[in-house]
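Visitor: Handing you a structure now.
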Amino acid sequence: TGDAIQYWTPDGKGIVVASSRGAAPWGSPLYIVPIDGGLPKPMDMDRGAAGMVRQDGKMIAFNRGGFRYWRKHYRGNNNTDIWVQDLSTKEIRQLTDLDVKKYRQHTQDAYPMWGADGQIYFMSERDDIFNIWTIAPKGGPPKQITFHKTDGIQYPSISPDGKTIVYES
């Protein structure tokens, strides 16, 4: 199976992993792998390709579909979006690219990360270059954070406390 490490769980006792080990033909959920051994446990979602559990352990922000960096400037209904799940109620909501009639304007929104301010930070090509954007966990208009003008960013990652984002550019 192909496993990709995402983030630590907030309690430090597990690691969130994206995996191809699921039985579903179109993807599998994210898994939590205990650091002291044991079998990976699937999270209660249909599929997940990247994600981070909020610092208080109550929600996860994630991508359902896989992200392809080399598909720059892709606009369409096969892009990846930001989703959130309340881990107690299991409710899942989509936050980005909500209007299906505007699918030709949808962009890649990937690598969701929880900030210390409770906002979700993510990589997006909304301004035609990959930059960091933020959105509230209840939704609303995204706000641009970085303003790279050429080539953009890749592989963003946030510190466990949600205060520092690093990325390749």
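The values are calculated or read from the model by the stated rules, or taken from the named source; none is laboratory data. Keep in mind the model is a prediction, meaning the values are calculated, not measured. Please note: Cβ atoms are built from the backbone with ideal geometry, for glycine as well, and neighbour counts cover all protein chains shown. Please note that ligands, DNA and RNA were not included when accessible areas were found on the heavy atoms of the full protein model with its side chains. Shrake-Rupley method; radii C 1.70, N 1.55, O 1.52, S 1.80 Å.
Visitor: Working only within the stretch 1-33, note down all residues that are in a strand (DSSP E or B) and open to solvent by less than 30 Å² (accessible area, probe 1.4 Å). Write out each step before concluding.
Guide: Within the stretch 1-33, the first condition is being in a strand (DSSP E or B), and the residues that meet it are 3-8, 14-19, 31-33.
Hits for the stretch 1-33 are G14, V16, V17, A18, S19, Y31.
Visitor: Can you work out which of the residues in the stretch 44-58 that are of a type in the set (A, V, I, L, M, F, W, C) and within 14 Å of K90 (Cα to Cα) is surrounded by the fewest Cβ atoms within 10 Å (Cβ to Cβ)?
Guide: The initial filter retains those residues of the stretch 44-58 that are of a type in the set (A, V, I, L, M, F, W, C), namely 45, 49-50, 52-53.
Narrowing further to those that are within 14 Å of K90 (Cα to Cα): 45, 53.
Numbers: M45: 19, V53: 25.
Going through the qualifying residues, I end up with M45.
Visitor: Among residues belonging to the stretch 50-64 that are under 12 Å from Y7 (Cα atoms) and not in a strand (DSSP E or B), point out the one that is nearest to the chain's Cα centre (by Cα).
Guide: If we filter the stretch 50-64 for residues that are under 12 Å from Y7 (Cα atoms), which is where we start, we get 50-55, 60-62.
Still in the list and also not in a strand (DSSP E or B): 54-55.
Details: R54: 11, Q55: 15 Å.
Applying the filter and picking the extreme gives R54.
Visitor: Something else about it: Testing R75 on (1) among the basic types (K, R); (2) within 19 Å of P10 (Cα to Cα); (3) at pLDDT below 95, one condition comes back false. Which one is that?
Guide: With (1) among the basic types (K, R); (2) within 19 Å of P10 (Cα to Cα); (3) at pLDDT below 95 applied to R75, the lone miss is (2).
Visitor: Being of a type outside the set (S, T, N, Q), more than 13 Å from T146 (Cβ to Cβ) and touching a strand residue (DSSP E or B) at 6+ places or on another chain (Cβ under 6 Å) is the filter here; which residues of the stretch 114-130 pass it? Steps first, answer last, please.
Guide: Our first condition is that a residue be of a type outside the set (S, T, N, Q); within the stretch 114-130, this holds for 114-118, 120-123, 125-130.
From the residues that got through so far, the ones that are more than 13 Å from T146 (Cβ to Cβ) too are 114-118, 120, 128.
Hits for the stretch 114-130 are W114, G115, I120.
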